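Visitor: I'd like to ask you about the structure that follows.
Please treat every number below as a calculation from the coordinates, not as lab data. This one's a predicted model, so the numbers in the text were calculated from it and none came from an experiment. Cβ: placed from backbone, ideal geometry, glycine included. Neighbour counts: every protein chain shown.
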Amino acid sequence: MTTPLLETKNVTYAYPNGPAALAGVSIKIAAGSKTALVGPNGAGKSTLLLMLNGMIRPDSGEVRFGGRPIAYDNQSLRELRRRVGFVFQNPDVQIIAPTVEADVAFGPVNLGLSPDAVRRAVRDALGYVGLQGYEKRPPHHISGGEKKRVAIAGILAMEPAVLVFDEPTNTLDPASSEEVMELLDELASSGRTVLVSTHDVELAYRWADSVILMAHGRVLARGPPEEVFSDHALLATARLKPPALLDLYNELGLRRIIDRDVPPKSVLEFTDRIERVLHGHVPARNGTGTIYLCNADRTGGDEVRALLERGEVDHVGAMGTRAKEFANRERIILDYTYGVIDKCILKALIGENSLIITTGGMVEHVHRRIGEYGAESGRKLIVTPVQETLTPVPDRERIPE
Amino acid sequence: MTTPLLETKNVTYAYPNGPAALAGVSIKIAAGSKTALVGPNGAGKSTLLLMLNGMIRPDSGEVRFGGRPIAYDNQSLRELRRRVGFVFQNPDVQIIAPTVEADVAFGPVNLGLSPDAVRRAVRDALGYVGLQGYEKRPPHHISGGEKKRVAIAGILAMEPAVLVFDEPTNTLDPASSEEVMELLDELASSGRTVLVSTHDVELAYRWADSVILMAHGRVLARGPPEEVFSDHALLATARLKPPALLDLYNELGLRRIIDRDVPPKSVLEFTDRIERVLHGHVPARNGTGTIYLCNADRTGGDEVRALLERGEVDHVGAMGTRAKEFANRERIILDYTYGVIDKCILKALIGENSLIITTGGMVEHVHRRIGEYGAESGRKLIVTPVQETLTPVPDRERIPE
Amino acid sequence: MHIMEGFLPSPWWEIWFLVSLPFIVIGLYQLDRLVKEKREALPLLAVAGAFVFVLSSLKLPSFNGSCSHPTGTGLGGILFGPCIAAVLGLIVLIFQAVFLAHGGITTLGANVFSMGIAGPAVAYLIYKAGTRAGANTYATVFLAAALADLVTYVVTSIQLALAFPAATGFFEAFSAFAAIFAVTQVPLAIVEGAVIALVFKYIVQL
Amino acid sequence: MHNILDDYAQTNGLRQINPGLKLFIGIASILLCVSSPGPVAPLFVSASMSAAILVLAKIPVRFYTRLLLIPVSFAAMSIAVILFITPGGDVLLEVPGLPLTITAGGANLAALLLARVFGGMCSLFFIALTTPMAEILEILQRLRVPAVFVDLTMLTYRFIFILIEEAGQIYRAQVMRLGYGRFRESIQSFGMLAGALFLRTWESGEALILAMDARCYDGRLTLPGEPRSISATAVAAALLYLLAALGILLSTGGLTLI
């Protein structure tokens, strides 16, 4: 096995005048993984996360980064914190500069970058989270979801290899939560290691490829989410609820209505499973719909508008902040802004056409996901890329509001 | 139709130098109802709630309480606020005093109650939320869930007729959320009118008997939750996601796998529905398990322990804070602390016995719920009350920690 | 600069209590009236007091502990008048003594005079003078904060010199105390002035 | 910042003892120390107070030793001055080349002050570590301290903890983004922290007004004071201890170091 990027070995910690917060925790975070640290409030999740970039020094045990134990002198800590970025639960404590721009610049300035490099870092980070045009705004006049994205940009501007998020969707409403989780997906698909702490089991179930279940300062279980979350007794110990779909699946299994093997992760998979139980197989349907796929980085608005004007598309969805911005700029009304791929597959299965707008590495992801679904379900799904313009469209400035 | 207890008529409001927060909102809250005000952040939910006890005065339109427009002089406002209790989203905002006891006393003291009456009100309120023994603790030494309960006790101590909760479960972990929602159920079952604002559709779906959907300062829809949340287009406008079970149900309906009539509200109902689709009817099972029911107010620990020692009970669940405390005191390990009735029914259906510990009005509720389920599903479920001691057990003091 | 518990002998600690008492009494009287007129004054003063306490309990860069409350309460002085600021200073000092072990109970009178009355008064006067003269706001704030700090420590030195006069009299003692505190207090005053000016700038920007 | 003594006061071993009695012992000890003409009585007070804090109140030794270092820096500087400027008695030491001399009078006074500071601080620690602020406020209220003062102190208490939590989080967030690196940046970071905290304070104040109004605030903020029982043994022990200290004070009053 390769060396994990981040690792704790039997770390313990007690706050002054308090009981033990961590009672011997060993975890391993592989480079490039999407890990969720799941547990109730007070399980020690935040304490553990704060250890990963040296904000808290364990009473015993050690923390390793890149295979080497971390050192606690000032210089090493600064280096570590640049590599392991930490996004706080409450953006209000993280964003304290008078403007969005000044706040995102805080890290790069402290890194000692040149003014030009700082400006570039700020522009790139704000672009990544889809907040161009927000530079001069005061942070307390923007919405909760936007604040979260500013906080993320502030960390991205330091170009860390690992991103640690403490309860990233707490207090956000469902749409803002989805946007943030999508951003986390983009970050992971661009090769960064992403670690999230959460008590939201539904979120961890859908998002993570590896779950660490914690309670009372200990690790209770680790593994793929469908495995960890199928153990109801374990979840009860951690005072958590199983994800609704998984719970239903397990109940159906207990009553021997469906066979328990790989639990479904989405409404789409679940529907297929039940259909298979009923008919013995997933019925072939005539006239599945087409899924159009548009790379907003490479396609001009004209092509997309032409497609929409021909009336061939019933539903439009956008994935990722830049894609949503593109839609916004081109005044395309979006039907789906989250769970886009699954929804479009569902529509294709009932014969309706849809368009997915996305960018960068996510294009590949869409192809893969739909291909996998087709292979698993034995259904033929047609993905048609929207014609790309020959010359790449230059970065456009967001129209200031 | 009877006069609603609380009512707004076309109220509008704009914050100073802000856009309109409410653009003509009319709602009606019936006495004794459990209403959820659902919408994304920034929809105007909090503004509307603050209007209901006169904290914000509408720019136009009016607010009525008990059929009469509310007056904004000091005396009337105090009277109104005593009747319409408001629990803030963030308990840190609401808790004022240096000890739990002093904080809960704040309302009663300002209402001018006698010292004895204040003490009684504080004791009762803390007992209701299950925080006896916390009197002398400072608010910064208790957990988030406990703070929430202190905040609720502070309002309960004023004995309001209506309880308004702004995002009651925000930032709480699932178990604490369930406890708070259970407390809200208890309050409603004791005849109080309960109104909550939330962006958590799952929560509103399971809890409310009436839903008001808001977005952009307007009411989009109102009605029973299964109706409002089945309209995906409407939910999309409000940037909300449908509840997972309802979403699955609707997809199955679209594919004509099950008939769409009354959507199931719980895993239990859903399982039955699918079983019915498969077999045409819910199969009768032999040997359903027994559900033991214990009223913790009337039963001594000895009877319960005897039952458990006989090994007849496979699973134990407790509903309500006092019941949980009882279990804690008697050192009974709980398997279920939320969704208890449904889980016990599920277990009974697969032939296992369970014990439900609860108190007060909830006993009746358990009987009713299980009876209803039996009538609907055509299954016979056996509820056996645990023998009550002849003399009621006097209120016991919580053992100080 | 807090005088520690037990340091001031009789009759000096009693004398400083008597000196501070009128300010506190008047302050309480004014406060009572203010709160009866405007109920929201009480919560605002409370959070202001908490702010001053928290700010003073934070470590200023490269110094151990600061005494930012002359300026903090000075701010209170600008908003609510100097006597109410003295009451606020008293509360902050009580919390510092009981929560952080800075200061003491018998020395409360002396500390209230130096940090709750003299310092804030200077901050208040300089701020008023500066704004009337139309001077640069940040410079004025810097000066007000730094000088308030300095005055606090000068007053403390006077208090100590009065209690422990040298062979050659009060002035020698005063210069000895002032000299030894200057080493720590002058840089602290400058840093504090700079920080408060920054805070002011920050608030104005928002 | 993480050493708010009140946190220990909430859980200490003397938590259940009548707060009025604890306050009385503490203040009486302080007054004894301040008025003692010799160093023995204050030293007796500091020893017995420390013993009470460590043995009866069960405060961790490591924490308490660190606490004792707080007064040292102030005491060291001020006592050094007194050592050199106080006249009287034989000259004990002369710094060559400088006009600095230590006399017996100076040495005696310095020793006395050191003893008084330690005695006084230990007594203050005793109050701070065994009696939660809320109970002290309750006593002030019963002593008819003006209500507006008690109310203001009470509200301040609550917000100190809220703001400390916020300040701590902001500080941590800044350190994670490499704030407080060099001196200039430290000042800058600290200014931002203080500014943000000020803003947060203001918001808290406004939220507090709203919260109080929502709960029918009518100018009353009383603590539910109940008459607390007071054990005769505790009173007897306290009086015995204070009499002993007074006895030592009177019998060793003239005693000096040199």
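Visitor: Which residue fluctuates most in the GNM of chain A (Cα springs below 10 Å): A:G351, A:G217, A:G145?
Guide: Ranking A:G351, A:G217, A:G145 by mean-square fluctuation puts A:G351 first.
Visitor: Can you sort A:H216, A:H141 so the residue with the fewest Cβ neighbours within 10 Å comes first?
Guide: Sorted ascending by nearby Cβ count, the order is A:H141, A:H216.
Visitor: Taking a threshold of 32 Å on the Cα-Cα distance, which of the pairs A:K34/B:K347; B:K147/D:K22; A:K136/A:K324; B:K45/C:K201 fall above it?
Guide: A:K34/B:K347; B:K45/C:K201
Visitor: In a Gaussian network model over chain A where Cα atoms closer than 10 Å are linked, find which of A:V363, A:V267, A:V386 has the largest mean-square fluctuation.
Guide: Maximum fluctuation in the GNM of chain A, among the listed residues, is at A:V267.
Visitor: Which of B:P16, B:P225, B:P58 ends up with the largest GNM mean-square fluctuation for chain B, with Cα atoms connected below 10 Å?
Guide: Looking only at B:P16, B:P225, B:P58, the biggest GNM fluctuation is shown by B:P16.
Visitor: Related question: Going by amide H atoms built from the backbone, whose H comes under 5 Å of the H on B:I258, apart from near neighbours?
Guide: Residues meeting the criterion, in which the H sits 1.01 Å from N, are B:G253.
Visitor: Starting from the exponent 0.38 and prefactor 2.2 Å, build the expected Rg for chain A from its residue count and divide its actual Cα Rg by it.
Guide: Ratio of Cα Rg to 2.2 N^0.38 Å: 1.05.
Visitor: Separate question: Between C:A179 and A:A20, how high is the FRET efficiency from 1/(1 + (r/R0)^6) when r is the Cβ-Cβ distance and R₀ = 41 Å? Nearest 0.05.
Guide: The computed FRET efficiency comes out at 0.25.
Visitor: What value in Å³ per residue do you get for the convex hull of the alpha-carbon atoms in segment D:145-214?
Guide: Given the Cα convex hull of segment D:145-214, per-residue volume reads 95 Å³.
Visitor: Another question, if that's okay. Given Cα pairs under 8 Å that are at least 6 residues apart, what percent is the relative contact order of segment B:290-387?
Guide: 46
Visitor: Say a label goes 7 Å from Cα toward Cβ at A:G32 in every copy; what distances in nm does this one have to the rest, shortest first?
Guide: The projected label point of A:G32 is separated from its counterparts by 6.3 nm.
Visitor: What number, rounded to the nearest 500 deg cm²/dmol, is the helix-based mean residue ellipticity at 222 nm of chain B, given -39500 (n - 2.57) per DSSP H run of at least four residues and division by all its residues?
Guide: Computed ellipticity for chain B at 222 nm equals -12000 deg cm²/dmol.
Visitor: Along the Cα-to-C-beta direction of A:D297, a point sits 7 Å from the Cα; which residues of segment A:355-387 have their amide N less than 12 Å from that point?
Guide: A:358-365, by backbone N distance to the label point.
Visitor: Two-decimal Rg/Rh of the protein assembly as shown from alpha-carbon positions, Kirkwood Rh?
Guide: Reported Rg/Rh, Kirkwood definition of Rh: 0.99.
Visitor: Tally Lys and Arg at +1 and Asp and Glu at -1 over the other residues with C-beta under 15 Å from the C-beta of D:F149: what net charge comes out?
Guide: Every neighbour counted, the sum reads +2.
Visitor: Also: Which ³J(HN,Hα) values in Hz, rounded to whole numbers, follow from the phi angles of segment B:330-339 under the Karplus curve 6.51 cos²θ - 1.76 cosθ + 1.60, where θ = phi - 60° and Gly and Pro get x?
Guide: With the stated coefficients, segment B:330-339 comes to 8, 6, 8, 7, 9, 8, 10, 10, 8, x Hz.
Visitor: Using only the alpha carbons of segment B:290-387, what is the convex hull's orientation-averaged projected area in square nanometres?
Guide: The number I arrive at for segment B:290-387 is 5.5 nm².
Visitor: Still on this structure, please answer the following. For segment B:126-131, just list the computed ³J(HN,Hα) in residue order, Karplus coefficients 6.51, -1.76 and 1.60, θ = phi - 60°, integers in Hz, with x standing in for Gly and Pro.
Guide: For segment B:126-131, the Karplus curve yields 5, x, 4, 8, x, 10 Hz.
Visitor: Next question, about the same structure. With contacts defined as alpha carbon pairs under 8 Å and 6 or more residues apart, what's the relative contact order of chain A in percent?
Guide: In percent, rounded to a whole number, it is 16.
Visitor: Can you put D:S48, B:S266, B:S114 in order of Cβ neighbours within 10 angstrom, beginning with the fewest?
Guide: The most exposed by this proxy come first: B:S114, D:S48, B:S266.
Visitor: Residues with beta-carbon under 14 Å from that of D:G181, excluding D:G181: net charge, scoring Lys, Arg +1 and Asp, Glu -1?
Guide: Net charge in that neighbourhood comes out at +3.
Visitor: Can you tell me the relative contact order of chain D? Whole percent, Cα pairs under 8 Å, sequence separation 6 or more.
Guide: It comes to 32 percent, rounded to a whole number.
Visitor: Still on this model: Please list 3J(HN,Hα) in residue order for segment C:9-24, calculated via the Karplus relation 6.51 cos²θ - 1.76 cosθ + 1.60 where θ = phi - 60°; whole Hz, with x for glycine and proline.
Guide: Karplus-based 3J(HN,Hα) across segment C:9-24 equals x, 5, x, 5, 5, 5, 4, 5, 5, 5, 5, 7, 3, x, 4, 5 Hz.
Visitor: Give the long-range amide H neighbours of B:A215: residues separated by 5 or more places, or on another chain, with amide H under 5 Å away, using H modelled in the peptide plane at 1.01 Å from N.
Guide: Amide H neighbours of B:A215: B:L220.
Visitor: If you don't mind, there's one more thing I want to ask. Computed over the Cα atoms of segment D:27-183, what is the convex hull's projected area averaged over all directions, in nm²?
Guide: So the Cα hull casts an average projection of 14.9 nm².
Visitor: Which order results if B:K34, B:K45 are arranged by neighbouring Cβ count within 10 Å, fewest first?
Guide: In order of increasing Cβ crowding within 10 Å: B:K34, B:K45.
Visitor: Give me D for segment B:6-244 in µm² s⁻¹, whole number, from Stokes-Einstein with Rh from the Kirkwood sum over alpha-carbon pairs, 25 °C and 0.890 mPa s.
Guide: 134
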